[in-house]
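A.B. asks: Once you've had a glance at the structure underneath, I'll fire off some questions.
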Amino acid sequence: MERTRQTRTRETAFSVREEGGGKRIEGYFAVFGSVYDMGGGITETIDPHAFDETLGDDIRALIDHEPRLVLGRTSANTLRLRVDEHGLWGEIDVNPNDTDAMNLYARVQRGDVTQCSLGFDILEEEKEYGPGAGEVRFILKRVRLYEVSCVTFPAYRETEISARMEQAQTIRKRQAQAWREKRKERLCKWHSDR
């Protein structure tokens, strides 16, 4: 399978916390069982074991997917990620000497920033077909996680257009692959019934 870095944005319940003089942003970056509508009858959900092999990687916490705005990093233990029965939980230690991080902390605290996003590659997925023509649900079974982001919007207006165009191309490829596999299954069943 061709790997293209993917992003998904979700409304979440981030919270802020002060502990021992330190500030933290925390919340779920992914929720298992929630359905991401990709449009055109295609949906996606994340398997509870999708992150099992990637949490030991060096993952960054960013602001708006911007690589220059690093909030934390797992290798520095300033970002801690764990999986529970609900989803992928993250906790970011806010650097008090970083103006961008402190500004984000204040925006999360006020409720101005409430969305999160993931940056990942799909390593393994399954497909389920719905009753309607073209209805496909992809179940992400295994991913390589690169980053988690606190985001204002899924992307800036200019990049949202290109990201959606790229995502649409990926969706069309996945939909065509799913259609071919479904046809092949039907053809094999037809031949075995004869």
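The values are calculated or read from the model by the stated rules, or taken from the named source; none is laboratory data. Note that this is a predicted model, so its numbers are computed, not measured. Positions of Cβ are backbone-derived with ideal geometry, glycine not excepted, and every protein chain shown enters the neighbour counts. Keep in mind that these areas ignore ligands, DNA and RNA; they rest on the heavy atoms of the full protein, side chains included. Shrake-Rupley method; radii C 1.70, N 1.55, O 1.52, S 1.80 Å.
A.B. asks: Quick one: 3J(HN,Hα) in Hz for segment 36-45, Karplus 6.51/-1.76/1.60 with θ = phi - 60°, rounded, Gly and Pro as x.
C.D. replies: Per-residue couplings from phi come out as 9, 7, 8, x, x, x, 9, 10, 9, 9 Hz.
A.B. asks: For residue 43, which sequence-distant residues (separation of 5 or more, or a different chain) have an amide H within less than 5 Å of its own amide H, given hydrogens modelled in the peptide plane?
C.D. replies: Counting only residues 5 or more places away or on other chains, the set is 38, 136, 137, 138.
A.B. asks: So, one more: Skipping prolines and chain starts, which residues have an amide H placed within reach, meaning under 5 Å, of the one on residue 72, given they are 5 or more residues away or on another chain?
C.D. replies: Result for residue 72 returns 61.
A.B. asks: What are the ³J(HN,Hα) couplings of segment 115-124, residue after residue, when phi is run through the Karplus curve with 6.51, -1.76, 1.60 and θ = phi - 60°? Round to Hz, x for glycine and proline.
C.D. replies: 10, 10, 8, 10, x, 7, 10, 8, 9, 7
A.B. asks: Using r as the Cβ-Cβ distance of residue 19 and residue 135, and R0 as 45 Å, what FRET efficiency do you calculate, to the nearest 0.05? Each step should come with its number before you reach the end.
C.D. replies: On the way: r = 46 Å, r/R0 = 1.02.
Step by step, r from the Cβ atoms, then E = 0.45.
A.B. asks: Restricted to Cα positions, what overall size does segment 19-62 have along the principal axes? Three whole-Å values, descending.
C.D. replies: 48, 21, 18
A.B. asks: Test of understanding: what is the full-extension gain from residue 73 to residue 89, defined as 0.36 nm times their sequence separation minus their Cα-Cα distance? Working shown, then result.
C.D. replies: Values: separation 16, 0.36 × 16 = 5.76 nm, distance 1.42 nm.
Stretched fully, the residue 73-residue 89 segment lengthens by 4.3 nm.
A.B. asks: Work out, step by step, the length gained on full extension between residue 35 and residue 187: first 0.36 nm times the residue separation, then minus their alpha carbon distance; give nm to one decimal.
C.D. replies: On the way: separation 152, 0.36 × 152 = 54.72 nm, distance 3.04 nm.
Extra length available between residue 35 and residue 187 comes to 51.7 nm.
A.B. asks: Ignoring everything but the protein chains, give the 1.4 Å probe accessible area of residue 18 in square angstrom, nearest 10.
C.D. replies: Residue 18 has an accessible surface of roughly 110 Å² with all protein chains in place.
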